[in-house]
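Here's the structure we're looking at; comments come further down.
The values are calculated or read from the model by the stated rules, or taken from the named source; none is laboratory data. Predicted, not measured: the structure shown is a model, and the values here were computed from it. Neighbour counts run over all protein chains shown; Cβ positions are idealised from the backbone, glycine included. Heads up: the accessible areas ignore ligands, DNA and RNA and are worked out on the full protein's heavy atoms, side chains in. Shrake-Rupley method; radii C 1.70, N 1.55, O 1.52, S 1.80 Å.
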Amino acid sequence: MCIEKTPWEQVIEFHGHTCAEIALGYRVAQIANRELGVSEIFEPLIKVTAYTHSCALDAFQIINRATYGRNYLFVVEQNIHSYVFQTNDRAEKLQITVNSEIIEKITEDVVSLSSRERQAKTIEAIKIILGTEEAQFCEIKHKA
Ligand SMILES: [Zn+2]
């Protein structure tokens, strides 16, 4: 019997650990595919520009097939969780910016915590990222 891995499992396997930022990337990547009307991707089709470097980038490489090696993934460091998506065949751009309240909630200082407490924080952050209503989670802009 062969059980297909879910997209989430594929992302976690590729990234190598479960963390808040990979969950953030996963959600943004899924929203982008939906907004751009893309269902299953086998070939790179979507260029992604990220305005901060983080674990989130690995989700775009799996969910949007926007791989770094094939020159479909770019980072412009501005320290904001804002992502621009553009398909090959369309001039239209999509910008998804994660709300700053979400970022504040998930980036609490964890240095002083035990590993068990840190793990609990990570789970809590992932719940916020995946469970917050979309309108509160991010801003979606279609640009001509
Ligand atoms: Zn990570």
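Annotations
So that you can scan it fast, the table gives a plain yes or no per residue for (1) within 16 Å of the ligand (Cβ to nearest atom); (2) in contact (Cβ under 8 Å) with a residue 60 or more places away in the chain; (3) surrounded by fewer than 18 Cβ atoms within 10 Å (Cβ to Cβ):
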position: 18; (1), (2), (3): yes, yes, yes
position: 23; (1), (2), (3): yes, yes, no
position: 37; (1), (2), (3): no, no, yes
position: 46; (1), (2), (3): no, no, no
position: 65; (1), (2), (3): no, no, no
position: 68; (1), (2), (3): yes, no, yes
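- Note on region 1-16: among residues that are in contact (Cβ under 8 Å) with a residue 40 or more places away in the chain and open to solvent by 30 Å² or more (accessible area, probe 1.4 Å), the one that is farthest from the ligand (Cβ to nearest atom) is 7.
- Of the residues making up region 121-144, those that are under 16 Å from residue 22 (Cα atoms), of a type in the set (A, V, I, L, M) and out of contact with any Lys or Arg (no Cβ under 8 Å at 6 or more places or on another chain) are 123, 126.
- Taken over region 14-66, the criterion of being under 12 Å from the mean Cα position of the chain (by Cα), of a type in the set (Val, Ile, Thr) and part of a strand (DSSP E or B) is satisfied by 48, 49.
- Of all residues making up region 81-99, the number that are surrounded by 14 or more Cβ atoms within 10 Å (Cβ to Cβ) and more than 14 Å from residue 33 (Cβ to Cβ): 8
- Cross-chain or 6+ apart pairs with Cβ under 8 Å, region 121-144 first and surrounded by 10 or more Cβ atoms within 10 Å (Cβ to Cβ), then outside any helix (DSSP H, G or I) and among the basic types (Lys, Arg): 142/93; 143/93
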